[in-house]
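Here the structure is laid out as structure tokens; the discussion comes afterwards.
The values are calculated or read from the model by the stated rules, or taken from the named source; none is laboratory data. Just so we're clear, the structure is a prediction, and the values are computed from it rather than from any experiment. Neighbour counts run over all protein chains shown; Cβ positions are idealised from the backbone, glycine included.
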């Protein structure tokens with residue numbers, strides 16, 4: 001029979017009490033992670049230095065999740081997508097978490113001298129390359145830029161969340177129009193800010209090296225991480241009896257397609273960067289890859305090649321896999337782990353050449369940040385219905401079917 | 001609406017053979033309902049014709065997923081192998097040629113060609129495989145002589161059952177179609 005438009009008014013679509021419960025649980029995990037990080041770090045000589053380094057890894061990871069979500073929200077508006085309405089509220093909430101990342105950036109700014117060689121006082125004195133870049137790579141301009149990035153992201157994320165929430169009440173189509181109008185310039189601002197943030201936060205760890213595609217690499221990782229995390233969140237909510245009818249296998253299928261597409265896109269960008277540098281074979285460029293191809297890092301590089309591309313590519317290529325929500329959620333978690341390793345691979349080789357010193361401290365720092373991030377997300381999701389109820393395209397999304 | 005507007009005699013005259021029967025509907029719900037019943041009756045050589053994509057039609061017809069992806073995947077792998085093999089044969093084996101100090105056979109340099117040939121083989125096999133699985137191109141088809149069929153691209157939904165189907169019987173199949181509430185049932189000459 002022809003599919004009827006579902007009536008979701010009869011099913012729970014608010015977190016209500018669960019929101020508070022999950023917020024508290026996540027916050028407790030966060031505190032355990034923070035205390036644990038401190039305890040583990042103070043146990044060794046260079047623990048505090050490594051704490052800051054692995055902190056940057058997890059920071060880049062969670063920042064990329066929020067940015068991926070922000071891009072998703074704007075992409076849906078700018079293309080006037082109908083299918084995604086039922087999953088958009090969750091993306092809006094993840095994107096709004098970006099202001100937490102602004103606060104979490106404070107330790108990075110305070111520990112700048114320990115993380116970034118160029119931020120060392122006097123680093124440029126005997127280094128002509130750094131001296132030439134000092135107009136851009138200096139502490140005050142760095143902080144100014146961070147403030148600008150986070151202002152752009154927070155304002156955009158907040159605008160979409162608030163406008164969409166306002167629409168829940170009145171169902172005004174003019175608000176959809178407004179979000180569409182903001183999305184187009186929003187994506188331009190997003191592209192510029194994300195690129196430069198990736199240059200500043202990650203690429204400048206090696207201030208002598210540069211790659212123009214680096215920002216795109218971080219963008220690919222961001223959007224991939226968002227689509228990898230989405231199925232897990234949706235399955236989790238549905239296991240709690242929420243959105244069981246609103247989100248169908250068709251929506252999972254589309255998220256799976258995106259996950260597949262961005263797996264390939266990530267690999268495409270990663271290889272583009274690698275091949276040009278490999279082919280040019282200029283020492284000032286190849287040293288970045290050399291660091292990642294020697295000692296213990298060879299194994300991590302190969303893990304990324306096979307674990308971050310080949311395996312997910314084969315796992316996600318089939319339609320049948322993408323239409324099994326729980327299986328897709330498991331693959332998504334796996335891909336998310338690979339995304340974290342990717343960030344680890346970007347950051348740690350700069351400090352620890354030859355040795356991939358993964359250990360308990362990395363887990364603790366991750367848990368601390370994941371706890372805070374999830375606590376805020378759980379609280380935020382409790383503040384509004386899990387579906388943008390006033391969106392004029394909600395019906396289209398509920399009836400959506402892959403042809 | 002009942003099927004009292006029979007447009008052709010129940011059996012055609014001697015000498016003419018029957019391609020099959022077509023029945024048309026003008027409401028999607030009734031049409032999909034009828035499609036399910038035809039499927040349940042166990043026909044294998046039958047089809048539906050609609051002016052636009054009807055969601056749920058595949059499920060109602062019980063169409064199994066296409067085998068095309070396996071062909072495309074195999075062709076993609078072949079393309080990848082051919083791409084790498086060709087570069088190895090021409091550049092490293094048959095006429096070793098050193099370029100800018102790179103190894104004679106080096107994978108990174110070979111990836112773009114391997115990638116492009118993967119895509120090329122996969123895309124061509126998808127197109128050709130789709131045509132072959134559908135028995136295309138086919139310049140003429142008995143259904144084209146049906147007046148109802150002309151409307152299937154305009155304003156009506158059609159079910160056609162081939163006489164070649166082992167379950168087909170001119171009388172009982174016509175009765176089945178008429179019981180589904182079509183606007184018309186028509187016999188199509190081969």
Quiz item: Can you list the helices (runs of 4 or more DSSP H) found entirely within the stretch A:317-403 that contain at least 2 residues being under 21 Å from residue A:270 (Cα atoms) and away from chain B (no Cβ under 14 Å)?
Solution: A:325-347
Quiz item: Counting just the residues of the stretch B:59-88 that are under 23 Å from residue B:152 (Cβ atoms) and part of a helix (DSSP H, G or I), which one comes out farthest from the other protein chains (Cβ to nearest Cβ)?
Solution: B:61
Self-check item: Some residue of the stretch B:156-179 being surrounded by fewer than 18 Cβ atoms within 10 Å (Cβ to Cβ), part of a loop (DSSP other than H, G, I, E, B) and without any contact (Cβ under 8 Å) to a residue 12 or more places away in the chain
Solution: yes
Quiz item: In the list A:360, A:314, which residue meets the criterion of being over 21 Å from the mean Cα position of the chain (by Cα), free of Cβ contacts under 8 Å to residues at least 12 places away in the same chain and surrounded by fewer than 19 Cβ atoms within 10 Å (Cβ to Cβ)?
Solution: A:314
Practice problem: Name, by its number, the condition in (1) surrounded by fewer than 18 Cβ atoms within 10 Å (Cβ to Cβ); (2) in contact with a helix residue (DSSP H, G or I) (Cβ under 8 Å, 6 or more places away or on another chain); (3) more than 30 Å from residue A:291 (Cβ to Cβ) that does not hold for residue A:395. | Solution: (2)
Quiz prompt | Check on residue A:63, part of a helix (DSSP H, G or I), within 20 Å of residue A:234 (Cβ to Cβ) and modelled with pLDDT of 95 or more | solution = no
Practice problem: Of the conditions (1) assigned to a helix (DSSP H, G or I); (2) free of Cβ contacts under 8 Å to residues at least 60 places away in the same chain; (3) under 22 Å from residue A:143 (Cα atoms), residue A:212 clears all except one; give me its number. | Solution: (1)
Quiz item: Has the stretch B:23-33 got any residue that is within 12 Å of another protein chain (Cβ to nearest Cβ), surrounded by 12 or more Cβ atoms within 10 Å (Cβ to Cβ) and in contact with a helix residue (DSSP H, G or I) (Cβ under 6 Å, 6 or more places away or on another chain)?
Solution: yes
Self-check item: Matching residues, the stretch B:89-123, being in a helix (DSSP H, G or I), more than 13 Å from chain A (Cβ to nearest Cβ) and over 22 Å from residue A:305 (Cα atoms)
Solution: B:89, B:90, B:91, B:92, B:93, B:94, B:120, B:121, B:123
Exercise. Say whether the condition of being within 17 Å of residue B:26 (Cα to Cα), over 16 Å from the mean Cα position of the chain (by Cα) and within 12 Å of chain A (Cβ to nearest Cβ) is met by at least one residue in the stretch B:42-58.
Key: yes
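Checking the structure you have, find out if any residue of the stretch A:255-275 is over 21 Å from the mean Cα position of the chain (by Cα) and away from chain B (no Cβ under 14 Å).
No: the stretch A:255-275 contains no residue that is over 21 Å from the mean Cα position of the chain (by Cα) and away from chain B (no Cβ under 14 Å).
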Practice problem: Can you tell me which residue among A:102, A:93 is part of a helix (DSSP H, G or I) and under 30 Å from residue A:400 (Cβ atoms)? | Solution: A:93
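This table checks each residue for (1) free of Cβ contacts under 8 Å to residues at least 40 places away in the same chain; (2) assigned to a helix (DSSP H, G or I); (3) closer than 24 Å to residue A:60 by Cβ.
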position: A:125; (1), (2), (3): yes, no, no
position: A:144; (1), (2), (3): yes, yes, yes
position: A:163; (1), (2), (3): yes, yes, no
position: A:169; (1), (2), (3): no, yes, no
Exercise. Considering only the stretch A:286-305, state which residues are within 14 Å of another protein chain (Cβ to nearest Cβ) and either assigned to a helix (DSSP H, G or I) or within 24 Å of residue A:130 (Cβ to Cβ) (or both).
Key: A:286, A:289, A:301, A:302, A:305
Quiz item: Which residue, of A:137, A:130, A:115, A:110, is more than 30 Å from residue A:233 (Cβ to Cβ), out of contact with any strand residue (DSSP E or B) (no Cβ under 8 Å at 6 or more places or on another chain) and surrounded by fewer than 16 Cβ atoms within 10 Å (Cβ to Cβ)?
Solution: A:110
